[in-house]
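Asker: Following this message is one structure expressed as structure tokens.
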Amino acid sequence: MGITEKSIKLRNKLLAERTIKNLKSRKFDAYYCENKEEALKMAISLIPKEDSISWGGSMTMEDIGLISYIKENGYNVIDRDSAKSPQERMEMMRKGLLADTFLLSANAIAEEGILVTMDGVGNRVAAICFGPKSVIVVASINKICSNIDSAIDRLKNVASPMNVQRIASGMDAPFGTPCSVTGLCGDCKADNCICSHLVQTRMCKPQGRIKVILVNEDLGF
Ligand code: SF4
């Protein structure tokens, strides 16, 4: 590992330790992992084998291999991507809100220990607020922001525009949001807007229901 990479890792570890302390003060469970392999093991250890499991769209969960792991190892999954129609997909998303365990990534965490989440449809933020017995959030340390304002700025001007590029790459027609053209948020009301709900989770109730895994490696958006 070169000196630059080592310095980034050491600084990120300090930031993660500080954020974990703050998350725990707000009754979240929180864990540090050095890399995605550790994060995968940690996430698996937090999921009882008998649990039903669902998840919100998450590049980070794909990156650490968790979604493919649970699909390939006999877990009871509610997988909206297996739906045969838009109606069935929506029904599965509704059922996912009563899964035992719900998996998602965080696109922004304020260092003071607050999860800040932007959502288009709303199933991810719904699951964070209420429903699944256990919620596992995986985030790389570059998602930690110095305060709530910078977390919201990250969501609007980094995470959502990147996510829009991902979605738009599979479409023939223009996506139609300002960020798809400029790379920055234009605070739109476009049909394809992916920013409907902005939720701050400043306490975890009941204690330990939300488990946050911070990974010292760049993952997702
Ligand atoms: S332009 Fe619209 S879709 Fe893009 S980040 Fe802003 S609110 Fe979200």
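Asker: Quick check: is even one residue across segment 5-24 surrounded by fewer than 20 Cβ atoms within 10 Å (Cβ to Cβ) and on the phi > 0 side of the Ramachandran plot?
Answerer: no
Asker: Here's a follow-up. Quickly run through segment 55-91 and pick out the residues that are buried (at least 18 other Cβ atoms within 10 Å of the Cβ) and within 21 Å of T117 (Cβ to Cβ).
Answerer: Those that are buried (at least 18 other Cβ atoms within 10 Å of the Cβ) and within 21 Å of T117 (Cβ to Cβ): W55, G56, G57, S58, T60, M61, D63, I64, L66, I67, I78, R80.
Asker: Something else: Looking at C179, C185, can you tell me which residue is assigned to a loop (DSSP other than H, G, I, E, B) and within 10 Å of the ligand (Cβ to nearest atom)?
Answerer: Working: C179 fails: assigned to a loop (DSSP other than H, G, I, E, B).
After applying the criteria, what remains is C185.
Asker: May I pose another question? When you go through V137, V121 one by one, which is the residue that is assigned to a strand (DSSP E or B) and either within 14 Å of the ligand (Cβ to nearest atom) or of a type in the set (V, I, T) (or both)? Outline the logic, then answer.
Answerer: Details: V121 fails: assigned to a strand (DSSP E or B).
On inspection, the qualifying residue turns out to be V137.
Asker: Now for a different question. Quick check on M118: is it at negative phi, exposed (fewer than 15 other Cβ atoms within 10 Å of the Cβ) and either free of Cβ contacts under 8 Å to residues at least 40 places away in the same chain or under 16 Å from the mean Cα position of the chain (by Cα) (or both)? Can you show your working first?
Answerer: On the way: at negative phi: yes; exposed (fewer than 15 other Cβ atoms within 10 Å of the Cβ): no; either free of Cβ contacts under 8 Å to residues at least 40 places away in the same chain or under 16 Å from the mean Cα position of the chain (by Cα) (or both): yes.
Against the criterion (at negative phi, exposed (fewer than 15 other Cβ atoms within 10 Å of the Cβ) and either free of Cβ contacts under 8 Å to residues at least 40 places away in the same chain or under 16 Å from the mean Cα position of the chain (by Cα) (or both)), M118 does not qualify.
Asker: Turning to a different aspect of this structure: Whether any residue in segment 83-102 is touching a residue at least 40 places away in the same chain (Cβ under 8 Å) and part of a strand (DSSP E or B) is what I want to check.
Answerer: Checked segment 83-102: at least one residue is touching a residue at least 40 places away in the same chain (Cβ under 8 Å) and part of a strand (DSSP E or B).
Asker: Out of the residues in segment 147-175 that are within 9 Å of the ligand (Cβ to nearest atom) and free of Cβ contacts under 8 Å to residues at least 40 places away in the same chain, state the one that is nearest to V121 (Cα to Cα). Before the answer, list the steps.
Answerer: Step one: of segment 147-175, the residues within 9 Å of the ligand (Cβ to nearest atom) are 155-157, 159-161, 163-164, 175.
From the residues that got through so far, the ones that are free of Cβ contacts under 8 Å to residues at least 40 places away in the same chain too are 156-157, 161, 164, 175.
On the way: K156: 16, N157: 19, P161: 16, V164: 14, F175: 17 Å.
Within segment 147-175, the match that is nearest to V121 (Cα to Cα) is V164.
Asker: Now a separate question. Among the candidates S169, S160, single out the residue that is over 18 Å from the mean Cα position of the chain (by Cα) and small (G, A, S). It would help to see each step written out before you state the result.
Answerer: Details: S160 fails: over 18 Å from the mean Cα position of the chain (by Cα).
Criteria check complete, one pass: S169.
Asker: Let me ask another. Given the criteria basic (K, R), modelled with pLDDT of 95 or more, buried (at least 18 other Cβ atoms within 10 Å of the Cβ) and farther than 28 Å from I47 by Cβ, does K156 qualify? Full working, then the answer.
Answerer: Details: basic (K, R): yes; modelled with pLDDT of 95 or more: yes; buried (at least 18 other Cβ atoms within 10 Å of the Cβ): yes; farther than 28 Å from I47 by Cβ: yes.
In short, yes.
The values are calculated or read from the model by the stated rules, or taken from the named source; none is laboratory data. Note that the structure is a prediction, hence the values are computed from the model and not measured. Because the Cβ atoms are built from the backbone with ideal geometry, glycine has one as well, and the counts that use them run over all protein chains shown.
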